[in-house]
Amino acid sequence: MRIAGIALIIITTAAAAAISSAAPASAQTAKQAPPYWRSIGPGRALTRTGPARTYPASWVYQRRDLPVRVVAVFKEWRKVQDPDGAEGWMLMNLLRSTRTAVVRGTEPAEMRERPEAGAPLAWRAAPGVVGRIDHCGNGWCRLDVEGKAGFVEVSDLWGVESTEVLP
């Protein structure tokens, strides 16, 4: 299943206004060693089979904020891996440093009021839902999906490492 075209769905709530984009990855340090996380900035982003415009296109992503893992760097090109494991080369100006994650699995992820299993349930996010993450640590991340936020276990997310700590 390709997540690139999946619409944003939140169980128990309707979608809110579009999420604004953050600074392009080009504003980031070009010396960061892969692998590292980025998100797709525009609503349409092309990957190619190699790191130049002369290589054939391999995929068009139509999902803004989709998290990708940068696995290789060549000049202004970044080889990215998507949540399904597909890889392709993308221009770095299409990537943002904004941290996002996608809900994985077959069941909705529980979004809790606090980062603990017994905390009250705030929302549920369906598999494939993409949101912005922050405040990660001890196996939890705060996931914000168009203004609906809660803490989700890292094991339910793709776009963050299990031991990662984010401010």
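Some values worked out for this structure:
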item: All positions within the range 77-87 that are out of contact with any strand residue (DSSP E or B) (no Cβ under 6 Å at 6 or more places or on another chain) and open to solvent by 50 Å² or more (accessible area, probe 1.4 Å); result: ASP84
item: Subset of the range 34-58 (residues that are farther than 19 Å from ARG99 by Cβ and either within 17 Å of the chain's Cα centre (by Cα) or without any contact (Cβ under 8 Å) to a residue 40 or more places away in the chain (or both)); result: ARG44, LEU46, THR47, GLY50, PRO51, ALA52, ARG53, THR54, TYR55, PRO56, ALA57, SER58
item: Where a residue in the range 124-144 is farther than 17 Å from ARG63 by Cα and its partner, wherever it lies, is part of a strand (DSSP E or B) and acidic (Asp, Glu), with Cβ under 8 Å and at least six apart; result: ARG124/GLU110; ASP134/ASP144; GLY139/GLU153; TRP140/GLU153; CYS141/ASP134; ARG142/ASP134
item: Counted residues, the range 95-109 - those being open to solvent by 10 Å² or more (accessible area, probe 1.4 Å) and of a type in the set (Gly, Ala, Ser); result: 2
item: Of all residues in the range 129-139 being assigned to a loop (DSSP other than H, G, I, E, B) and either closer than 17 Å to VAL68 by Cα or in contact with a strand residue (DSSP E or B) (Cβ under 7 Å, 6 or more places away or on another chain) (or both), the one that is most open to solvent (accessible area, probe 1.4 Å); result: GLY139
item: Residue match in the range 112-123 (condition: at pLDDT 95 or above, of a type outside the set (Lys, Arg) and under 17 Å from LEU66 (Cα atoms)); result: no
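Conditions tested, residue by residue: (1) outside any loop (DSSP other than H, G, I, E, B); (2) open to solvent by less than 40 Å² (accessible area, probe 1.4 Å).
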| position | (1), (2) |
| --- | --- |
| VAL68 | yes, yes |
| VAL71 | yes, no |
| TRP89 | yes, yes |
| ASN93 | yes, no |
| MET111 | yes, yes |
| GLU116 | no, no |
| PRO127 | no, no |
| CYS141 | yes, yes |
| VAL152 | yes, yes |
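The values are calculated or read from the model by the stated rules, or taken from the named source; none is laboratory data. Remember, it's a predicted structure, so these values are computed and weren't measured experimentally. Virtual Cβ from ideal backbone geometry, glycine too; neighbours counted across all protein chains shown. Just so you know, the surface numbers come from the protein's heavy atoms only, side chains and all, with ligands and any DNA or RNA stripped out. Shrake-Rupley method; radii C 1.70, N 1.55, O 1.52, S 1.80 Å.
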